[in-house]
Each structure stands twice: as structure tokens, then as C-alpha cells.
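Before any comments, here is the structure.
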Amino acid sequence: MTALVVVASLFVGVTLGVLGGGGSILTVPILVYLAGQGTKEAIATSLFVVGVTSLAALVPHARARRVRWKAGLLFGAFSMVGAYGGGRLAAYVPGTALLIAFALMMLATAVAMLRTSRRGAEPKPRRRDLPLKHIAVDGLVVGAVTGLVGSGGGFLVVPALALLAGLPMGIAVGTSLLVIAMNSFAGLAGHLSGVGIDWGLALTVTAVAVVGSVIGGRFAGRIPQDSLRRAFGWFVVVMGVFVLTQQLGTGLWGHPATWGVLGAVLLAVTVARVRAKSSG
């Protein structure tokens, strides 16, 4: 166990405590590239680390009344079903295709969060809680992502709670930690049927991450809602681009067509922004 792994694990906890997501996205690379674990073992270990750390980060949010228990438990219950199934199916899904889709979902989520942030204010709540059918669909999707790729699902849970349920960002973050914990343990149960865990390493990383989550949880309530939303969105952009870059390989990035498509997308975004400002 190197000092770098300890520092990185601390950052995982702070990320979960402040943003309510992103921890598992960081944990897997830490375990693979810094601790030398295999991919399957790293995914299973990540689910354990993020599950325990999320529970620790949940405590300060709950004390500050930033958790909607009913919405969180309902969402988490459906998510656990998807997470367990995803964990069992993970061995049969090509890793590269799965992670590319995973990165694209992250980027789509980030765009939604950043657009809401730029429009200002909080999303107007339509209902006190999500309708049951929305909870079921969104929960199963988030759970499947958790089980398949070892992500706690925070990048999907927070937007679902904030945008669809109309929860303030701080409450969405706090509630998401409950869902992430439920997802992670269910996904871990699915993975344990085919992979073992180095419990010494897992417990060490978890202990350090828990300390970070407590620190992050204390800061979450002091950050302005709009700033928190913007930070979360850009964090997901960075993580999504990183995952996508790693999976697509260097050959694709050197192809002229790739840069042509990226240039066209950038031009379209720029034009859209100019037109939005002109009409606004």
C-alpha cells in the first residue's frame, strides 16, 4: 500500500461526501493502476469501498436533514434488483463496449446538469416524491449500471432526484448516498459469485475513504446550490472524457474523421449558445 493509494482513497471519500457520486469511478482506476489489482477484482472491491463510504457520508447529511428517506429507500429498492442482476451478467458483457456506453451516459448527464445550472435556480418540484413508475424505471437502470461496471451510480441518481423529483441539489446529494450504498452492496453480491476480494486492501482503502467522506459531508451543506451543481457537472465531464479516451484508444484519435466530427459538434454547440443568448 503506497502513500499515493492512501491519498487517492481519501479523495474518493471527499468526492462522495461533497458531490454524492464519482467515488467508484475513481476507485477502480486506483485499484487497477496504483494497487495492481485485476479489473474484475477491482470492480468488486470498489463496490465494497463505495458502499461503506457512502453510508459514512450519509450520516452528516442525515443529521442536517438533507435526506428524503422515502424517495431514497424506494429508489434504492428497485436499484438493488438491477444491481444484483447486473453483477451476475457482468462477466458476459464486453468491457470496452460497456465502458464506452457508460462514458456517453456520464457526458449526457453532465450536459443536463450544466444546462440546469446555467438557467439558474432550482428545478421546480412537480411532486414531493417521484411517481412509482419513474422510481422503478430509473432505479432499475441505475442499478444495472452499478452492477455491470462497478459504479455506485451517483452520476445518475443525483440528476434523477434533482431534475425529475425536483429535490434541491443538497438534498438530492444526501439522498443519493443512501441509494449508492444500497446499489453497491447489491452489485457486490452479484460479483462475489465469480470473483474474490483482497479484504486487507479493501478495508484499508475503505477506512481512509470513510475519513474523506466525513470531511466532504461537512463541506457539502456550505457550498451554494448552483456552484455544487456546476462542479458536479464538470466533474462528470472530466471523468466521462477520461473513460472514453481510455477505451477508444490512440488510433481513433489520430484519424482526421474523428477531429472532423468533434469540430462539427463544437461548431454546433457554439452556434446553439449564440442563438440562445440572442433570443434570451
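The values are calculated or read from the model by the stated rules, or taken from the named source; none is laboratory data. Please read all numbers here as calculations on a predicted model, not as lab measurements. Because the Cβ atoms are built from the backbone with ideal geometry, glycine has one as well, and the counts that use them run over all protein chains shown. Just the protein is used for accessible areas: all its heavy atoms, side chains included, with ligands, DNA and RNA removed. Shrake-Rupley method; radii C 1.70, N 1.55, O 1.52, S 1.80 Å.
At pLDDT below 85, more than 21 Å from residue 135 (Cβ to Cβ) and among the polar types (S, T, N, Q): is that true of residue 24 in this structure? Step through it out loud before you land on a result.
Values: at pLDDT below 85: yes; more than 21 Å from residue 135 (Cβ to Cβ): yes; among the polar types (S, T, N, Q): yes.
Yes; evaluated as a whole, the condition is true for this residue.
If you check 189, 160, 165, which single one turns out to be crowded, with 16+ Cβ neighbours inside 10 Å and either within 21 Å of residue 63 (Cα to Cα) or at pLDDT 85 or above (or both)?
Matching residue, one of 189, 160, 165: 189.
If I ask for residues that are modelled with pLDDT under 90 and either closer than 26 Å to residue 74 by Cβ or of a type in the set (D, E, K, R) (or both), which ones from region 192-209 would you list?
Correct list: 192 only.
(1) over 16 Å from the mean Cα position of the chain (by Cα); (2) touching a residue at least 24 places away in the same chain (Cβ under 8 Å); (3) surrounded by fewer than 24 Cβ atoms within 10 Å (Cβ to Cβ): which one isn't true of residue 52, the others all being true?
(1)
Return the residue satisfying two criteria in turn: it lies in region 109-130 and is open to solvent by 30 Å² or more (accessible area, probe 1.4 Å) and at pLDDT 65 or above, and of such residues it is farthest from residue 88 (Cα to Cα).
115
Could you list, in sequence order, all residues of region 34-45 that are more than 15 Å from residue 194 (Cα to Cα) and in contact with a helix residue (DSSP H, G or I) (Cβ under 9 Å, 6 or more places away or on another chain)?
34, 35, 37 - these are the residues of region 34-45 that are more than 15 Å from residue 194 (Cα to Cα) and in contact with a helix residue (DSSP H, G or I) (Cβ under 9 Å, 6 or more places away or on another chain).
Is there a residue being open to solvent by 70 Å² or more (accessible area, probe 1.4 Å) and either aliphatic (A, V, I, L, M) or at pLDDT 75 or above (or both) anywhere in region 227-236?
So far as region 227-236 goes, yes, one or more of its residues are open to solvent by 70 Å² or more (accessible area, probe 1.4 Å) and either aliphatic (A, V, I, L, M) or at pLDDT 75 or above (or both).
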